[in-house]
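The structure appears below as structure tokens.
The values are calculated or read from the model by the stated rules, or taken from the named source; none is laboratory data. Quick caveat: nothing in here was measured; it's all calculated off a predicted structure. FYI the Cβ positions are ideal-geometry reconstructions off the backbone, even for glycines, and counts take in every protein chain you see. Each accessible area value is taken on the protein alone, full model and side chains, heavy atoms only, with ligands, DNA and RNA left out. Shrake-Rupley method; radii C 1.70, N 1.55, O 1.52, S 1.80 Å.
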Amino acid sequence: MDVTLVTAGPYLAAQPDDWYVSQIHHEERLLATALAALGLQCQRADWADGQVDWRQTRCAVLRSTWDYFHRYDAFSSWLAGADGQTMLLNPLPLLRWNIDKHYLADLAQAGVAIVPTRFVARGETASLAQLAAEQGWDAVVFKPAVSGSARLTYRATGPELQALQAVFAACVAAEGMLLQPFQPEILALGEVSLMVMDGRYTHAIRKSPKAGDFRVQDDHGGTVQPYVPSRAEVDFAEAAVAACPSLPAYARVDFVVTAAGCRLMELELIEPELFLRFHPPAADALAAAIARRLAN
């Protein structure tokens with residue numbers, strides 16, 4: 001097999017009555033079709049299936065492994081093992097770098113404008129209110145350094161800083177966290193995501209939270225619509241990807257547009273939803289990026 005699209009067990013089989021799983025299958029079919037047009041055979045497999053022989057595929061492309069942050073140790077072990085048997089895309093060193101959101105500090109040092117971030121080490125004892133006051137932030141968001149789908153992501157302001165202290169303390173006791181000032185533009189303008197294949201922008205979407213929430217993920221009722229970025233936004237996204245330790249085959253650049261300009265929220269290189277359904281030609285661009293790596 002030339003290419004295996006790596007997914008998670010719950011998404012492996014088609015489920016016509018489940019819109020979420022059907023959406024995953026639709027997007028992965030778009031990529032499989034684009035790969036077939038280049039003469040590359042493609043299959044799908046669950047990363048956690050111990051019966052899969054990864055030596056039998058030339059390339060494993062992580063696409064919908066959306067349970068990895070709930071099973072991080074097992075996933076980390078799988079990555080190490082699979083890397084010795086096949087080509088991973090994106091490659092293992094890049095995945096390791098991107099799994100922990102401390103990569104934001106590296107990007108900031110490289111000149112990428114990020115949302116201001118206070119990294120809170122596991123076991124720190126300062127309270128949520130103390131940390132917010134030290135940074136001069138009235139409203140904050142905290143979330144794990146290794147996470148996805150807004151797991152353990154909370155917004156707090158004023159009295160909520162004290163009300164959420166027990167939750168924050170429990171999180172910090174268990175794992176490293178990030179503290180950031182809440183970006184009010186999320187409520188008004190949403191979060192912008194630009195897809196970048198092999199360093200080049202392909203398409204964009206805007207994610208908006210449901211009324212009364214700040215989380216933009218569809219898991220939490222968020223909505224997605226096509227978006228036409230400005231030249232400055234395209235340049236920002238491509239520059240963020242160019243600042244990575246190596247050039248990824250695929251990336252999603254999530255940012256908020258503020259009065260001061262674009263501010264990076266996250267750079268997704270592991271298993272980002274690429275919203276290919278909004279721009280199917282992007283599947284061709286990704287397939288071409290995969291083919292180039294297989295040819296080298």
Surface share of carbon and sulfur [accessible, 1.4 angstrom probe, percent] for the chain: 53 percent
Potential extension, residue 80-residue 242 segment - 0.36 nm per residue separation minus Cα distance: 55.8 nm
Got a number for the accessible area of residue 227? Probe 1.4 Å, square angstrom, nearest 10. 50 Å²
Place a label point 7 angstrom from the Cα of residue 173 along the Cα-to-Cβ direction, then list the residues of segment 97-128 whose backbone nitrogen is under 19 Å away. 120-128
Taking θ = phi - 60°, what integer Hz values does the Karplus form 6.51 cos²θ - 1.76 cosθ + 1.60 yield along segment 95-101, in sequence order, with x for Gly and Pro? 5, 4, 5, 8, 5, 9, 5
On a C-alpha basis, how far is the centre of segment 76-126 from the centre of segment 128-179 in Å? Whole number, if you could? 20 Å
FRET E, pair residue 1, residue 225, Förster distance 30 Å, beta-carbon r, rounded to 0.05: 0.25
Might you work out the accessible area of residue 247 for me, using a 1.4 Å probe with all protein chains in place, and round it to the nearest 10 Å²? 90 Å²
Rolling a 1.4 angstrom probe over the protein chains, ignoring ligands and nucleic acids, what is the accessible area of residue 70 in square angstrom, nearest 10? 120 Å²
Relative contact order in percent for the chain (Cα pairs under 8 Å, 6+ apart) equals 19 percent
Relative to the compact globular guide of 2.2 N^0.38 Å, what is the alpha carbon radius of gyration of segment 61-139, as a ratio? 1.44
Over the chain: helical MRE at 222 nm, DSSP H runs n ≥ 4 each giving -39500 (n - 2.57), nearest 500: -10000 deg cm²/dmol
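Please give the length that would be gained between residue 130 and residue 51 if that part of the chain were fully extended, namely 0.36 nm times their separation in residues minus their C-alpha to C-alpha distance (nm, one decimal). If you can, show how the numbers build up before the last one.
Values: separation 79, 0.36 × 79 = 28.44 nm, distance 4.97 nm.
Length gained, residue 130 through residue 51: 23.5 nm.
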So how tilted is helix 72-83 from the main axis of the chain? Cα-based, degrees 0 to 90, rounded to 10. 30 degrees
For segment 167-296, averaging the sequence separation of alpha carbon pairs under 8 Å that lie six or more residues apart and dividing by its residue count, the contact order in percent is 24 percent
Per-bin percent of Cα-Cα distances, segment 151-296 [10 Å]: 10, 35, 33, 16, 5, 0
Specify which residue in the list 154, 77, 37 is farthest towards the positive end of the charge dipole of the chain, using unit charges on the beta carbon of Lys, Arg (+1) and Asp, Glu (-1), about the Cα centre. 37
The chain, accessible area per residue, ligands and nucleic acids excluded (1.4 Å, Å²): 43 Å²
Can you tell me what share of the DSSP beta bridges in the chain is antiparallel? A percent to the nearest 5 is fine. 70 percent
